[in-house]
Every structure is written in C-alpha cells, then in structure tokens.
Amino acid sequence: MLIGVAAAVLACFGYGVASVLQAYGARSSAAADQGEQTLTSADGRPTLRSTANAVLTTAFIAGMVLDVVGFVGSVVAARLIPLFLSQTIISANLVVTAVLGISVLGIRLHRRDWAAIAMVVVSLCVLGLTAGHAGTGSSAPGLHLALLLAALAVFAFGVVLIRLLGARAAVAAGLVSGVLYGLLAIAVRVVDGVDPLRVEILLRDPASWAIVLTGFGGFYLFTVALQLGSVNGAVAALVVGETVLPGIVGVTLLGDTTVPGLGWLVALGFCTAVGGAVAVAVLGAAGHAATTEPAPTQPTLNP
C-alpha cells in the first residue's frame, strides 16, 4: 500500500513539473514560429509541423523525461492500490503545475483558483484515509479488447474535435487526452504477462496495444492543448478525464475497495476532487482568454 502511494506521489510531481516545462517549450516554439502561416491552420489550430517544433525544444524534451518518470510511478501505483486512489493522487499534479507555473510561466492565481486547488487537496486527503485495497480478481471477459477499441475511438474523436473547434479546443483536447490516460491506467492494471514477465503473452494481449495507443494519443492531444490554451486549464481538464473513468471501472469491474462503512465519504471526496479540477479548468481557460484577447483598437479620426 505505502509503495503504491509513494509511486503515485512520484508520478504526481513528475507529471506536474513536466507539464510546466512542456508549456514553456510550446510557448517558446510558438514565439519563434510567429508569423509563419504554415504553422497554423485557418481556424488557429496548430499544424503537425508546429506541434513537432514544440516537442523538439529543450524544455519540452526535459518535460518528456519527467513524463517517463511519472509513467513508471503511475504503472506501479495502478498495480498496487485502488485506481480511484492512484489516479486522484496523480491528479494532484494540477497543484504542482499551478504553483510552479507562477514562477516559470508568470501565471497569476486568484483567490478563486486557490480555493479550487484547496478543494482538490482536501479531497485527496479524504480519499487517502478512506481507500481500501486494490482488487485482486480477474478482469471482466472482453475488457482487454474493449480497451483497445475504446482507445481507437477516443483518439479519433479527439482528432476530429480539434479540427472542429480549432483554436478553442484547448480544454476539449486536455479532457480527451485525460480519458486516454485513464484508459491507459485501466489497461496497465489488467494487462497479462507482467507478473511474472511473459513477453509472448504480453504481446498477444490487446491491453498491451491499448497502452501504446493511449500513451501516444494522450501525449499528442495534451501537447496540442498546451499550444492552444492555459496550462492550468489543460491540466485540470486532463485530470478530470484520467480520474473519473478509472475510478468507476476499478470499483465496479476490478474489485477495488474502500474502508468498510466509508464508501459514501469516498464518493464525496472523489466528486469534490473532480469538481475542484473542473473549476480550475474553467477558471484557467477564462483567464487565458482574457490575457490573450487583443485589446480593442481605438478609431482614428481623419484630419
């Protein structure tokens, strides 16, 4: 239990610092590419070339290294503790991102932002005190293939959504990337051939390929979200996606438990944690829009 919690905390800090570094890289890349019409579509959506430029910045590469650290921690946590606990602890990277973003990205947080963040932190404490043990039973029949098909559908939906929303897709892209990361957590829990390690079984399991697809798809969509909007808004939207689905699946299908008699408190903590993340997403998106909206031009009078 303690090892799983420690791994989740490691993933929380890894992902939180990585998000800030990646946002910094995306911003510096956008500044360097400003004026090149080929790097954005007509609706303001970043092209694949602009996304690739952002990924190749030094800050973004450093963020990817920390993403690997976070991924390792999340894998260990997903195997050892209930998914509703591991994913919610990892979602606290929202707090790390918000606080670190003050000094690195120059983000200003208002009282309402701090209140929403405090709600998330308190809810995490409640979940930590009321969580039981991770389920040890086998997964439902067909779940492995369902995860792969769901990953394909969600990723395709995210790509289409970006094309439809254009420059307004930051929160939506963050949310869809979060759903993909949530599917990844479920796939990590149920994948066969890990303990003990059996490579031939691992390669035959659809859940293994779901892990690959959700990892790539979530990374791409989150990078687009960072290019388009507020890092706090994008991360908070991701938090909602990666927390809700695994938590529900873990309890209903995988046998994750709570402390006897405290299921209602777990449900309350879970809902308030997600609610706080939603508030940060909405407030972050609104603040980003306010700071990036061009100032109105004053009419000039002809002499």
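The values are calculated or read from the model by the stated rules, or taken from the named source; none is laboratory data. Worth saying up front: this structure is predicted, and the values here are computed from it rather than measured. Cβ placement follows ideal geometry from the backbone for every residue including glycine, while neighbour counts extend to all protein chains displayed.
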Got a sec? Which of Ala150, Ala167, Ala173 is touching a Leu at 6+ places or on another chain (Cβ under 9 Å), over 30 Å from Ala267 (Cβ atoms) and not acidic (Asp, Glu)? Ala167
Look at segment 103-124 and say how many of its residues are touching a Leu at 6+ places or on another chain (Cβ under 9 Å) and among the charged types (D, E, K, R). 2
Checked segment 203-229 for anything over 16 Å from Leu143 (Cβ atoms) and surrounded by fewer than 22 Cβ atoms within 10 Å (Cβ to Cβ); matches are Leu203, Val212, Gly215, Phe216, Phe219, Tyr220
Does Thr252 fit the bill of being of a type in the set (S, T, N, Q), surrounded by 14 or more Cβ atoms within 10 Å (Cβ to Cβ) and modelled with pLDDT of 80 or more? no
Looking at segment 118-136 only, could you name the residues that are at pLDDT below 80 and either over 26 Å from Cys271 (Cα atoms) or aliphatic (A, V, I, L, M) (or both)? Val120, Val121, Leu124, Leu127, Leu129, Ala131, Ala134
Please verify whether Leu145 is at pLDDT below 80 and either over 16 Å from the mean Cα position of the chain (by Cα) or over 16 Å from Ala18 (Cβ atoms) (or both), treating the condition exactly as stated. no
Any idea which of (1) surrounded by fewer than 16 Cβ atoms within 10 Å (Cβ to Cβ); (2) over 16 Å from Trp209 (Cβ atoms); (3) in contact with a helix residue (DSSP H, G or I) (Cβ under 8 Å, 6 or more places away or on another chain) is the one Leu145 doesn't satisfy? (2)
